[in-house]
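Below is one structure, written out as structure tokens; comments come after it.
A short reminder: the numbers here are calculations on the coordinates, not readings from a lab. Because the structure is predicted, anything quoted here is derived from the model rather than measured. Here Cβ is always computed from backbone atoms with ideal geometry, including for glycine, and neighbour counts include all displayed protein chains.
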Amino acid sequence: MVNDDKEWVMPEEDEYEGEDTPLEYNITSSPNDFNTKTIFDFIESGIVKIPGFQRNYVWDIKRASKLIESIIMGLPIPQVFLYEKNKNDFLVIDGQQRLMTIYYFVKKRFPKQEKRIELRKVFDLQGKIPERILEDNNYFTDFNLKLTELVPELNNRLDGLNYSTLDDNYRRTFDLRTIRSVIIKQSHPPDDHSAMYEIFYRLNTGGMNLNPQEIRASLYHSDFYDMISKLNLDNKWRRLTKQEPDLHMKDIEIIVRGFGMLIENENYKPSMVKFLNTFSQKSKTFSSQKIDSSLGLTPQLAVETVL
């Protein structure tokens, strides 16, 4: 049984070891230079969405402020990748942190770290953050740029400003600055969006920006993983962990380990990373009945298997 007094330990960040043989894809990619105002409008209207396999917003206000400063100064911004799922329906493959920083800056509100899991759920359900939540100081603080110069005696002229308090020239410059957006569309295999996950995985593993579970959640995204994400917010599970939901999905990895050992224990062999990758890949084929039956296995029961 789980000892409630036991110190909770998140999984280690083992090196990801992929074993899948890639498919052959027929995809097209087209570059587009959208200005930041258009990008904001796309997010606000729901044309551009943050898919479930993406990690949470993790930037702090200093890093977010440097992006806004770079846009205003005219410095080059890394391109973003969008996947065209349907007409006027785009999913972010790469660039979520930059896009959401632009969105929050125009809204003049910055999300509190302890509320980002909850805000992500709201965003997934409604496609945007309702004004009543944006105005709630329990969820957000004011997005005033937090910038410092290398030379302490010199003041940064943008420090402390927000979207509304920028002078007209700065605001116009920000609104009209373009960011290269590469639109990816897959034509083969038909009725399959696996290229999106493959691109996301390959873009995010070169520099190891994501930990193994974040990569796993993207590469093997499924209805089963959606179910696990919901269980991760279960009140009983949160009381057991005695922690807020982890922005980097380490608590989700614990649940995946538990279900993996409950369902596939006879097939387990080291390493745990390979086992979880194989189990996650197999979970993509789980029927709705199997997923529903898994709901009867509480996160606590699953975790007891691996403790």
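Data for the structure
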{"quantity": "Residues Leu262, Leu82, sorted so that the one with the fewest Cβ neighbours within 10 Å comes first", "calculated": "Leu262, Leu82"}
{"quantity": "Radius of gyration and Dmax over the Cα atoms of the stretch 211-306, both given in Å", "calculated": "12.3, 33"}
{"quantity": "Ranking of Phe259, Phe286 by count of other Cβ atoms within 10 Å, fewest first", "calculated": "Phe286, Phe259"}
{"quantity": "Virtual spin-label span in nm between Asp142 and Arg202, 7 Å along Cα→Cβ", "calculated": "4.6 nm"}
{"quantity": "Protection-proxy order for peptides 275-281, 125-131, 240-246, each taking the mean of Cβ atoms within 10 Å per residue, highest first", "calculated": "275-281, 240-246, 125-131"}
{"quantity": "Under 29 Å from Lys290, Cα to Cα: lysines that are on another chain or at least 8 residues apart", "calculated": "Lys49, Lys85, Lys121, Lys230, Lys236, Lys250, Lys269, Lys274, Lys282"}
{"quantity": "Distant-in-sequence amide H partners of Asn156 (H built 1.01 Å from N, under 5 Å)", "calculated": "Glu149"}
{"quantity": "Modelled FRET efficiency - R0 22 Å, Glu264 with Glu114, Cβ distances, 0.05 increments", "calculated": "0.05"}
{"quantity": "Amide N proximity, the stretch 158-176 versus Lys37 label position 7 Å along Cα-to-Cβ, cut-off under 20 Å", "calculated": "162-176"}
{"quantity": "Cα-Cα separations in the stretch 26-188 greater than 23 Å, expressed as whole percent", "calculated": "39 percent"}
{"quantity": "Neighbour cut-off at most 14 other Cβ (10 Å), DSSP loop, GluC sites (Glu not before Pro), the stretch 76-124", "calculated": "none"}
{"quantity": "FRET efficiency, 1/(1 + (r/R0)^6) with R0 35 Å, evaluated for Thr165 and Glu244 via beta carbons", "calculated": "0.65"}
